[in-house]
1. Sort 142-149, 351-358 for me by packing, meaning the mean count of neighbouring Cβ atoms within 10 Å per residue, highest on top.
2. Among the complete DSSP H segments of the chain, which ones combine at least 15 Å of alpha-carbon extent along their axis with a mean Kyte-Doolittle hydropathy of 0.5 or more?
3. Which residues in the stretch 313-344 place their backbone N less than 20 Å from a point set 7 Å from the Cα of ASN363 along the Cα-to-Cβ direction?
4. Using Cα pairs under 8 angstrom and six or more residues apart, how large is the relative contact order of the stretch 271-343, in percent?
5. For the stretch 382-443, I need the span (max minus min coordinate) of the C-alpha atoms along each principal axis, in Å, sorted largest to smallest.
6. Just want the answer: with Cβ charges of +1 for Lys and Arg and -1 for Asp and Glu, which residue in MET273, VAL396, ILE168 is farthest toward the dipole's positive end in the chain?
7. Using only Cα atoms, what Kirkwood radius does the stretch 377-513 have, in angstroms?
8. Pop out the carbon and sulfur fraction of the accessible area of the chain as a percent, whole number, probe 1.4 Å.
Amino acid sequence: MSFACKPGTRRCLRQLVPGLSAAMLRHYSLEVASPLLRTQSYVDGRWVSAPSVFPVLDPATGQELARVSDCGPTEAKLAVDAAHRAFDSWKQSTAKERSNLLRRWFDLLTLHKEDLAKLITFECGKPLRESLGEVMYSASFLEWFSEEARRVYGDIVPSPNKDRKVLILKQPVGVASIITPWNFPSAMITRKVGAALAAGCTVVVKPAEDTPLSALALAELAEQAGIPAGVFNVVPSSRENTPAVGKVLCSDPQVAKISFTGSTATGKLLLRMAADTVKKASMELGGHAPFIVFDSADVDAAVGGAMASKFRNSGQTCVCSNRFLVQSGVYQRFVDKLGKAMDEQLRLGHGSEPETTQGPLINSRAAEKVVEQVSDAVSRGAKVLRGGKRLHGSFVEPTLLADVTTDMLCTREETFGPLVPVIRFDTEEEALAIANVANVGLAGYFYSQDVAQIWRVSEALDVGMVGVNEGLLSTPEAPFGGVKQSGLGSEGSKYGINEYLHLKYMCLGSLKP
C-alpha cells in the first residue's frame, strides 16, 4: 500500500506503514488543476468575494488547497434574488434553447474531464480513476436532461362536455435551492441542476463545505457554455456559516423548491425549515444497503459485486453496501474469496497515485466512526479477518469482519467507510427480516440464480433501487431514490425532471359544439 508525507513537512509515514519507499513520499500539489480553480462565489453571472474565506483541505495530507469565499445569509439572499430575477426570462426560453445550452455545458465537461477529475481527487480524496468516472457520470446528466428538455409533454384529456377542452400544462416551479454532499461533489450537482434547468427553473447551489472547488469549476464551465446570468449560482460556505445559509435557501419565499442529498437528520431539519412556505422538496437521504448472497449465487460474481459496491470511494457512497448477509451454505467460501480479493485489489494511497484504489475518508470524524464500529463489533464477538486499523490522518484499512450479529453498531448504523461486516443467515425469510428492519431504504443488492427467488426478493426488499447480480446500479436513464426515511422523489431518468415542474389544468370553455 502507498502513502505520502504531508506536503511541507518531513513527518514520514514509514513508522505507520512499513515498506514505504522514498519515491512514495512525494509532495502533492493542486496546481495541475489550476485552469478551473475558482475561489469566489458565483452570483448573477459574476465572481463575487465574501467578507471572509475558509480553507479547503486535501483529506489525504491535510494540506490547504485553497481559500474560498465564505458566504453567509446576506450572500445567499443575493443569490436567491438573482435567481428569481433570471427566472422571468429563463422560463420563457424555448425547450430547444435550454437543450442546446445544456449540451454545450456537457461538451465542456467532457473536454475538461482531466482537470475536473483532479479537483475532485484533491478535495474529496477519491482515486483519480474514480474521479474521472464521476466527471463522465456528471456530464451524462447534462446530456440526458438536454434531451429531456424537449420532451416535457402535457396532455389533452377527453372532456365530458362537448363545449369544453381539458388541457394539462407542465410549467417550471421557479427558483430551486440545490444543497449537495461532498462524496460526489460534481455528479450530485449536475443530476439536480440538469433537470432543473431543463425544466425552466433557475438554481442556487450550496456545495458541501469540504468540496466547493468542483461546484465552482462547474460554474466556470456554465458561464463558458453561455448559461445566462442568474440561472446558475453557487454560494460556498464554511461549516460555521452553513446553517444560516441553509435557512435562507429553505425559508426564503422566492424559493419554490429545495433538493438535498445528505443525511436523514439534516434532511428532516431542512424540511422543517421549508414547511412554513410549503416548498416542493426532493430528498435523497441516508442509506443502509443490504447485500445478500444466497446459496444459489455465483459466489465469484457476488465477490466481484461486493468489491465494486463496497469499496468505491472507500465506502463513502449513499448506495454503498453496508450489511453483508450470506447464507450458511456459501458463507465460508464467500468470506475466503472476498478476503483474497481485498488483498489482491485494494491499495491505499493518495488519489493522484495511479496504483491507488482506496483514498482517505473525508475527515477524521469519518475515520473515528469506522474505528468505533469495528471496536464495538469486536467487543461483541466479531472477528477481524482483514484490516481493522486507522492509519495516518483519515486513512482506514479496508476491514473484513466475520461472525457479525445484528446487535452490533455496524449493522444498525450506516458506516460510510471501508468496513465489510458479514452476517450468516439460514433462510430467505430470515435475510429479508434483517434487511427490512432498517428505517431507511435507498438501495439493496442480492445475488441468486434462482429465477423465482429473484422475483420474490426484488419485490420484498423495502428499498427504492435493487441490484440483482449487480453491484453498481446508477445510470442517468434510471430513477434514483429511496423509500421510508431515505427520502422523497426521484432523480435522473425521465421522472427526474418532474421534480421541477408543476401541473396546471386549463379548462377551455364556451366552445360551440
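1. Values: 142-149: 23.5, 351-358: 20.5.
Listed from highest to lowest mean packing, they are 142-149, 351-358.
2. Numbers: long enough: 73-90 (25 Å, -0.35); 95-111 (24 Å, -0.39); 113-124 (16 Å, 0.02); 128-148 (30 Å, -0.14); 187-199 (18 Å, 1.07); 212-225 (20 Å, 0.81); 264-275 (16 Å, 0.71); 299-311 (17 Å, 0.87); 331-345 (21 Å, -1.13); 364-379 (22 Å, -0.16).
Once both thresholds are applied, what remains is 187-199, 212-225, 264-275, 299-311.
3. The answer is 313-318.
4. Details: 69 pairs, mean separation 28.4, N = 73.
Reported relative contact order: 39 percent.
5. That gives 42, 24, 18 Å along the principal axes, largest extent first.
6. Value: ILE168.
7. Values: mean 1/r = 0.0545 Å⁻¹.
Evaluated on the stretch 377-513, it is 18.4 Å.
8. Values: 10840 of 20440 Å².
On the chain, the fraction of accessible area on carbon and sulfur atoms equals 53 percent.
The values are calculated or read from the model by the stated rules, or taken from the named source; none is laboratory data. Predicted, not measured: the structure shown is a model, and the values here were computed from it. Neighbour counts are summed over all protein chains in view; Cβ atoms, including those assigned to glycine, are modelled from backbone coordinates with ideal geometry. Please note that ligands, DNA and RNA were not included when accessible areas were found on the heavy atoms of the full protein model with its side chains. Shrake-Rupley method; radii C 1.70, N 1.55, O 1.52, S 1.80 Å.
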